[in-house]
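The values are calculated or read from the model by the stated rules, or taken from the named source; none is laboratory data. Quick caveat: nothing in here was measured; it's all calculated off a predicted structure. FYI the Cβ positions are ideal-geometry reconstructions off the backbone, even for glycines, and counts take in every protein chain you see. The area values use the complete protein model at the heavy-atom level, side chains included, leaving out ligands, DNA and RNA. Shrake-Rupley method; radii C 1.70, N 1.55, O 1.52, S 1.80 Å.
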Amino acid sequence: MKTELLFMKQEDVIAAGALDMQKILELVEKVFYLQGHEQIINPPKTVFGIPIGEEPVSHFFSMPVYIGGDVNRPGIKWAAESKTNAKTGNLPMGIDMIILSDPVTVQPVAIMDGMVITAMRTAAAAGVAAKYLAPDDAKVAGLVGAGVIGRTMIMALKEVIPSLKQIKLCDLNTEKAQNLADEFKGEIEIILSDNVENAVSGADIVATMTTSKKPFVKYEWVKTGAMVIQMSSYEVEAGVVEKSDKIVVDSWEQMKENELSIINQLVKKGSLDEKDIWSLSEVVCGTKPGRENKDEITMFSSRGMGSLDIIIGDYLYKEAMKKGLGQRLVLWDEAKWV
């Protein structure tokens, strides 16, 4: 029997609805709900860097997933990052693909570009966290990083924090920051900050979206009652973590595999107890509380979960089928060696 699958290039993914942040937030929150009800298999990602025996210039990530419940979709995300691309600017730093399979016959049903999905789901996870952990009347956000995730972070925060009026944006590349500010002109006020302290100080929500391997956010810059969002491994100083009243992560099972994570480092040092780290799924499902008062400092840190990519990929695949998007490919006309 002929086996067909749908190939979706990036333009197809976008046409199917990948840039609909409201829908992406809904899907991402559903993942955390299903995770809290043990309906997701999401093992820690496999990571390796090349070349062998040298400082890696390229990293590859394998992220297999099964989402149960009414989704019932197995799949895998194959992600890759290139330092060379980041330096030259000729190609995106991260290039990702998503494969979806049939849960019964195990045949592949779709292969799609995952770059836009990655950008949207990454910020959407922070957006879901902000829904539960940000101050109720947050008006000012201080953002560090004007790259791809900086863009989608603005999209997510605008959606989940209706009271948000102003964003203070900082990036080492001032031209990139200005271009991003121009994108949202007329939607929200964005003020460029020339340094991190100015961007962070006084902000109700602090979000960092960089590739830095050294911490740059100091505790004394974080105001009482703020929410801190760390999208990389080690962007905030240890004091920010230690002084936070609530520490929430997307997946501790994922994060404790990451040696670069400041949270993981503090646990290994014994200055942070593992039981004080909550999963966002616990907060979404109500087994742990979200924000409880205006003075507590809350923190969300993300490692990235393939289940977010797969649920979004599943939705976009179904939308593409309805809209006639994508290109049908044949895996085989007749299977050999049955």
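Can you spot a residue in the stretch 307-330 that is within 30 Å of LYS243 (Cα to Cα) and either open to solvent by less than 30 Å² (accessible area, probe 1.4 Å) or in a strand (DSSP E or B) (or both)? Taking every residue of the stretch 307-330 in turn, at least one turns out to be within 30 Å of LYS243 (Cα to Cα) and either open to solvent by less than 30 Å² (accessible area, probe 1.4 Å) or in a strand (DSSP E or B) (or both). Residues of the stretch 186-210 that are under 19 Å from ALA156 (Cβ atoms), among the charged types (D, E, K, R) and open to solvent by 40 Å² or more (accessible area, probe 1.4 Å): GLU187, GLU189.
The set of residues in the stretch 254-287 that are part of a loop (DSSP other than H, G, I, E, B) and within 20 Å of VAL228 (Cα to Cα) comprises LYS256, ASN258, LEU260, SER261, SER271, LEU272, ASP273.
Of the residues making up the stretch 254-271, at least one is more than 21 Å from the chain's Cα centre (by Cα), of a type outside the set (A, V, I, L, M) and loosely packed, with under 11 Cβ neighbours inside 10 Å.
Within the stretch 147-185, the set of residues being of a type in the set (Phe, Trp, Tyr) and touching a Gly at 6+ places or on another chain (Cβ under 6 Å) is empty.
Cβ-Cβ distances below 9 Å connect the following pairs, each with a first residue in the stretch 231-246 that is within 25 Å of ARG121 (Cα to Cα), a second residue that is of a type in the set (Phe, Trp, Tyr) and in a loop (DSSP other than H, G, I, E, B), and a separation of six or more residues or different chains: GLU235/PHE216; VAL236/PHE216. Listed conditions (1) open to solvent by less than 10 Å² (accessible area, probe 1.4 Å); (2) within 30 Å of LEU316 (Cα to Cα); (3) not in a loop (DSSP other than H, G, I, E, B) are all met by ASP182, apart from (1). Scoring ASP137 on the criteria (1) under 20 Å from the mean Cα position of the chain (by Cα); (2) more than 30 Å from GLU11 (Cβ to Cβ) leaves a single failure, condition (1). Of the strands (runs of 3 or more DSSP E) lying entirely inside the stretch 185-241, not one is found with 3 or more residues being modelled with pLDDT under 95 and either more than 22 Å from the chain's Cα centre (by Cα) or of a type outside the set (Gly, Ala, Ser) (or both). Is there a residue being open to solvent by 30 Å² or more (accessible area, probe 1.4 Å), closer than 26 Å to ALA320 by Cα, in contact (Cβ under 8 Å) with a residue 40 or more places away in the chain and not in a strand (DSSP E or B) anywhere in the stretch 119-130? Checked the stretch 119-130: no residue is open to solvent by 30 Å² or more (accessible area, probe 1.4 Å), closer than 26 Å to ALA320 by Cα, in contact (Cβ under 8 Å) with a residue 40 or more places away in the chain and not in a strand (DSSP E or B). Within the stretch 45-72, the residues that satisfy the criterion of being part of a loop (DSSP other than H, G, I, E, B), under 26 Å from VAL104 (Cα atoms) and open to solvent by 50 Å² or more (accessible area, probe 1.4 Å) are ASP70, ASN72.
Only residues that are in a helix (DSSP H, G or I), open to solvent by less than 80 Å² (accessible area, probe 1.4 Å) and of a type in the set (S, T, N, Q) were counted across the stretch 141-177, and they come to 1. Given the conditions (1) open to solvent by 60 Å² or more (accessible area, probe 1.4 Å); (2) under 19 Å from SER261 (Cα atoms); (3) touching a helix residue (DSSP H, G or I) at 6+ places or on another chain (Cβ under 6 Å), which single one is not true for LYS213? Status for LYS213: all satisfied but (3). Within the stretch 192-210, the set of residues being of a type outside the set (D, E, K, R) and out of contact with any helix residue (DSSP H, G or I) (no Cβ under 8 Å at 6 or more places or on another chain) comprises ASN195, ASN198, ALA199, GLY202, ALA203, THR208, THR210.
Residue pairs whose Cβ atoms lie under 7 Å apart, sitting 6 or more positions apart in sequence or on different chains, and linking a residue in the stretch 167-184 that is touching a residue at least 24 places away in the same chain (Cβ under 8 Å) and closer than 12 Å to THR210 by Cβ to a partner that is open to solvent by 70 Å² or more (accessible area, probe 1.4 Å) and in a helix (DSSP H, G or I), do not occur here.
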